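What follows is a short report on a single structure.
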Amino acid sequence: MLLSGSHVSCLLAMRLLLLGCVIALSATPTYAARKMVLVVSSQVAETEQGRQYKLFYTEVFRRLNLEFEMKTFPSKRCGALANSGLVDGLPSRVAGYEAAHPNLIRINAPLWEVSFTAYALSPGLRVNGWSSLAGQDLRVDCRLGVGSCEEELPKIKQLGPVEFVANANLGLRRLQAGRADLYIDLDFVVDPLLHAEEFSHASINKAGVLESVSTYLYVHKRNQDLAPALEATLRAMREEGLIARFNPMANTQSPGSP
């Protein structure tokens, strides 16, 4: 059967359209059957903050058609697992974290602000910034795996002995027992504990803020192909108000500031 010129043109146009669709689909990244596993510390996972992380990142990866799972490990181990590639990343770390974890990539969309805060029994003890600790010969405890403590405390002269503890509960117990003058940690980790029965009558005060910084999502370098889409998704969610809505740091009760 002979086809008219118009029929030939129509068939050719349909074939070109089909070819264009195939090329477009092949050029679009697909993440099917891929699961992203982020890890948080055992201390954080047990709090409202851990729940907010899970809700937030479930939505982030849903938008990219990716499965998501959050796992829990001790704080120090989280960084090692992410850097080794045994998991896919960390939900919230400060800028510069990649210096000590070279296999991790920072997604350049700021998330939440956190404060590294000092706590004390003595109401007269006040600090303001890391440099204010110098020359005071203070006994300082900090949670193992809190990177800023591990980086900043060794730089401070005439600080006094520094001990790293497994979790914030232990740090507050040592403070309460008089075995340390200061306990330093993230405020959103410690503040809820100060309202728990064990510490509610301990008269532990905020001695001051040492540093407030923005946090970022970090992923292992094998996920580098996801970085542009993750950045775009996080920035879009900020515009929609979802980063503020799922703020893991906004659900703490402050025990009082200096």
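The values are calculated or read from the model by the stated rules, or taken from the named source; none is laboratory data. Source: prediction; values computed, not measured. Glycine also receives a Cβ, built like all others from the backbone with ideal geometry; neighbour counts cover every protein chain displayed. Areas reflect the complete protein model, heavy atoms only, side chains present, ligands, DNA and RNA absent. Shrake-Rupley method; radii C 1.70, N 1.55, O 1.52, S 1.80 Å.
Quick notes on this structure:
- Between the beta carbons of Lys155 and Leu55, assuming R0 = 45 Å, the FRET efficiency works out to 0.75 to the nearest 0.05.
- Remark: spin-label model distance Arg179-Asn108 equals 4.5 nm, labels positioned 7 Å along the Cα→Cβ axis.
- Applied to segment 35-43, the Karplus parametrisation 6.51 cos²θ - 1.76 cosθ + 1.60 on θ = phi - 60° returns per-residue 3J(HN,Hα) values of 10, 9, 10, 9, 10, 10, 6, 4, 5 Hz, with x for Gly and Pro.
- In sequence order, segment 141-157 has phi-based couplings of 10, 8, 6, 4, x, 7, x, 4, 5, 5, 8, 8, 4, x, 7, 8, 7 Hz under the Karplus curve 6.51 cos²θ - 1.76 cosθ + 1.60, θ = phi - 60°, and Gly or Pro positions carry x.
- Spacing of the two label points (7 Å from each Cα toward its C-beta) at Glu69 and Asn169, in nm: 2.6 nm
- Annotation: lysines with alpha-carbon distance below 24 angstrom to Lys206 (same-chain offsets under eight excluded): Lys155, Lys157.
- Legend: Rg and Dmax of segment 57-169, from Cα coordinates, 17.0, 53 Å.
- Cut-off 19 Å (backbone N to label point 7 Å along Cα→Cβ of Glu48), residues of segment 88-114: 112-114
- Dipole magnitude (debye, nearest 20) for segment 124-258, charges at Cβ of Lys, Arg, Asp, Glu: 120 debye
- Solvent-accessible area per residue for segment 154-258 (1.4 angstrom probe, square angstrom): 50 Å²
- Value of relative contact order over segment 134-189, rounded to a whole percent, pairs C-alpha under 8 Å and six or more apart: 47 percent
- Proximity of backbone amide H atoms, modeled 1.01 Å from N, is registered between Ala207 and Ala118, Tyr119, Ala120 at under 5 Å, excluding neighbours fewer than 5 places apart on the same chain.
- Residue by residue, segment 114-126 carries 3J(HN,Hα) couplings of 10, 10, 7, 10, 9, 10, 8, 7, 6, x, x, 8, 10 Hz when phi is fed to the Karplus relation 6.51 cos²θ - 1.76 cosθ + 1.60 (θ = phi - 60°); x denotes Gly or Pro.
- For the set Phe116, Phe246, solvent exposure ranked by accessible area (probe 1.4 Å, protein chains only) runs largest to smallest as Phe246, Phe116.
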